Amino acid sequence: MNEIGEFSLLLALGASLYAIVTPVIGDRTGSAAMVKSGEHALLAVFGLLSLASACLLYALFANDFSLDYVYSYTNRDLHPVYRLTAFWAGQKGSLLLWGWMLAFFGAVVILQNREMNRALMPYVTSVIAATLALFGFLCVFATPVFERMPMLPDDGYGLNPMLENPGMIFHPPTLYVGFVAFTIPFAFALAALIQRQLGDSWIRTTRRWTIFAWLFLTIGNILGANWAYVELGWGGYWAWDPVENASFMPWLTGTAYLHSVMIQEKKDMLRTWNMVLVTLTFLLTIFGTFITRSGLISSVHSFGESTVGVYFGVFLIVTILVATYYIVTRLALLKSPYRLDSMLSREASFLFNNLILIGAAFTVFWGTLFPMISELIRGEKITVGPPFFNQVMIPIGLALLALTGICPLIAWRKASVANFKKNFLAPAAVTVVAAVAIGAAGVTAFMPWLALTLCSFVGATITIEIWRGVSARAAGGKENYWQAFLSLFWRNKRRYGGYVVHIGVILTFVGFTGAAFNQETEATLFPGDKLTIDDYALTYYNFEWKRDVETKEEATATLLVERDGEKIGWVRPERNTHYMKSIRGEMMPQPTSEVAIRTTYEEDLYVIFAALNEDGSATFKVHINPLVKWFWLGGVVMTLGGILAIWPDRRERERFMARHRAEAASA
């Protein structure tokens, strides 16, 4: 099986190289057969990578420790579910998964466009194949997936205990889907540049691909934050870690792109801006993979040092040069015949929104790279930590939040003073009342007060916009208000799906704001001792020790939780030791913590069993994290909004096909 997988990867690389060149030659020579041949080669890549993936999965489940990858990430005691997650737990498997996903998406694109976008498809195929070739070179030469062990061990080293968490079943694949799917809009954008077809046809073709990629990138980031919160045991869910930043940057630019394409579709403006944004988003997905796997950064999420950085670096440079060349040489064609009529217009507010998002992405980019730059220039790595990011990103985030509420209230083209006053009157009144109520509730620190006030403003704006739509439909007398509400959302999925996403953004900001009131304490307790924090009292009763399997020891502490003198329950945090077997048979201990969390919409009580001491005492760290549950709820709502926005719409599909047929006839 391993030989089959190895040979499949080699054939897939060859087919990818063939699919880069053949469609382009076919287009230049007018040979439709060569174009089709290149597309068929891309379909073959999908089949070959599927076969290679199946071979690796077989090796993982069959305990084939002759493979270095299987030895490094599994052992005989590993649960079957985590044998599956071992596929993407390491560098080799995750690169193969990335390539397989891209090949699958490429196959879908080929099948979707058998009759459409024929002028673009040779170059779409070539761009996808070039990206696949990168991952082919990595899987065959840089980090061979089916590399053998020098000797056959009896057992494997095992999976990192921190990865034996349900979050790791979903977090990496969803994040990879988001990263990989952004290749499709970029491929169409570059093809449109090459073929000088710079209208909005390529944007409409890739609209759902873009929302799909953004949606999964959103889910992946939220799931990653949740994994960090429940598994790493440090008390938070976002630490501005370089790998967290690597997935956040393309999310920011992808969000900017989603907003920007609306202006091109509606007003035929911002063509150059859209080309730059989709290119930048794709480059950041590759850059994030590069810094994660090159060994240039140190992170709990990153992989070890390897030679893959060279391959990614060359690919990034070539892509930047090619994309820049075509954008610069097509500037005259990208120039829109329309201009902003007023800085007080919805178009201008979208542009400001995008500029702030790009500013945020650049801030994260600079803060992530600064340690590497400082080490290169001064020979000393200067770490940029959360204080820098929080100081800069909080004002940027609040500005974005404010624009989220302002944009829907401003008219297209040019807003009149009367229209401006009319639209802002009700939201402003609600905001003033909310601001007073928030202050009266005890939120007196300026930044948290401002954040919650802006959340109220944006919530009022969205609620009023939805109410206006419902009232207009119900006024006809054919629908009651509930029917009008459902019809409004179902018939305008993209617009109102966007509003649902914005509601999710509000909820996540409420969750962010809670971090301003976090409290923490640490204490070493003997049985019977009590720890107090705010209005909580935790009494340490005892701990239980047991050996779960031969390679795992568990110590579980039991603490009684009281609040204002009233018993509210028990928490049982764990301090575990996993023994990982080396190739020489030595058992290497690796301690981990399983935190105990009592969660409400008001706050989380977060208890960490930090240490079990030789004198019989135990050390605990306790955090009170207000409003964290609102962050998770916001992620769920954003996901629902994204699903609504991407949901198939028959009428929209018919309009798209009619427009496509008209464009094809006129050509």
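The values are calculated or read from the model by the stated rules, or taken from the named source; none is laboratory data. For clarity, every value in this text was computed on a predicted model and none was experimentally measured. Every residue, glycine among them, receives a Cβ derived from its backbone with ideal geometry; neighbour counts consider all protein chains shown.
Every residue, every condition in (1) surrounded by 14 or more Cβ atoms within 10 Å (Cβ to Cβ); (2) within 30 Å of Val636 (Cα to Cα); (3) over 26 Å from the mean Cα position of the chain (by Cα); (4) among the charged types (D, E, K, R), yes or no:
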site	(1), (2), (3), (4)
Ser487	yes, yes, yes, no
Gly498	yes, yes, no, no
Ile503	yes, yes, no, no
Gly511	yes, yes, no, no
Thr532	no, no, yes, no
Asn542	no, no, yes, no
Arg575	yes, no, yes, yes
Tyr579	yes, no, yes, no
message: What's the number of the only condition in (1) crowded, with 18+ Cβ neighbours inside 10 Å; (2) under 19 Å from Ala402 (Cβ atoms) that Val432 fails to meet?
response: (1)
message: Could you tell me how many of the residues in region 63-92 are closer than 15 Å to Arg148 by Cβ and not polar (S, T, N, Q)?
response: 8
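Rundown of residues vs (1) in contact with a helix residue (DSSP H, G or I) (Cβ under 8 Å, 6 or more places away or on another chain); (2) buried (at least 23 other Cβ atoms within 10 Å of the Cβ); (3) not in a helix (DSSP H, G or I), yes/no style:
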{"site": "Leu48", "(1), (2), (3)": "yes, yes, no"}
{"site": "Tyr69", "(1), (2), (3)": "yes, yes, no"}
{"site": "Arg83", "(1), (2), (3)": "yes, no, no"}
{"site": "Leu97", "(1), (2), (3)": "yes, no, no"}
{"site": "Glu115", "(1), (2), (3)": "no, no, yes"}
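Does Phe182 fit the bill of being modelled with pLDDT of 95 or more and under 30 Å from Phe512 (Cα atoms)?
Details: modelled with pLDDT of 95 or more: yes; under 30 Å from Phe512 (Cα atoms): yes.
Criteria met by Phe182.
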task: Among what's in region 184-216 and is over 26 Å from the mean Cα position of the chain (by Cα) and assigned to a helix (DSSP H, G or I), pick the residue that is surrounded by the fewest Cβ atoms within 10 Å (Cβ to Cβ).
output: Gln195
- line: Reported set for region 513-568 where residues are touching a helix residue (DSSP H, G or I) at 6+ places or on another chain (Cβ under 8 Å) and among the polar types (S, T, N, Q) is Thr513
message: Against the conditions (1) part of a helix (DSSP H, G or I); (2) farther than 27 Å from Pro626 by Cα, where does Met393 fall short? Just the number, please.
response: (2)
- prompt: Hey, among Glu375, Glu380, which residue is at pLDDT below 90, over 18 Å from Cys455 (Cβ atoms) and not in a loop (DSSP other than H, G, I, E, B)?
  reply: Glu375
query: Among (1) at pLDDT 95 or above; (2) within 11 Å of the chain's Cα centre (by Cα); (3) not aromatic (Phe, Trp, Tyr), which single condition is Asn245 missing?
result: (1)
query: Which condition does Thr368 not pass, out of (1) over 21 Å from Ala239 (Cβ atoms); (2) of a type in the set (Ser, Thr, Tyr); (3) crowded, with 19+ Cβ neighbours inside 10 Å, if it passes all the others?
result: (1)
- prompt: Restricting the first residue to region 3-19 and requiring it to be closer than 19 Å to Lys92 by Cα, which pairs with a second residue that is among the aliphatic types (A, V, I, L, M) and not in a helix (DSSP H, G or I) meet a Cβ separation below 9 Å and a spacing of at least six or different chains?
  reply: Gly5/Val145; Glu6/Val145; Leu9/Val145
- line: Residue pairs qualifying under the 7 Å Cβ cut-off, at least six apart or on distinct chains, with the first in region 383-406 being farther than 14 Å from Ala239 by Cα and at pLDDT below 95 and the second being crowded, with 16+ Cβ neighbours inside 10 Å and of a type in the set (Gly, Ala, Ser), are Leu403/Ser349; Ile406/Ser349
Number of positions in region 407-423 that are without any contact (Cβ under 8 Å) to a residue 40 or more places away in the chain and either farther than 23 Å from Met262 by Cβ or not in a helix (DSSP H, G or I) (or both): 5
query: Which condition does Ala348 not pass, out of (1) over 26 Å from Glu244 (Cα atoms); (2) among the aliphatic types (A, V, I, L, M); (3) touching a helix residue (DSSP H, G or I) at 6+ places or on another chain (Cβ under 8 Å), if it passes all the others?
result: (3)
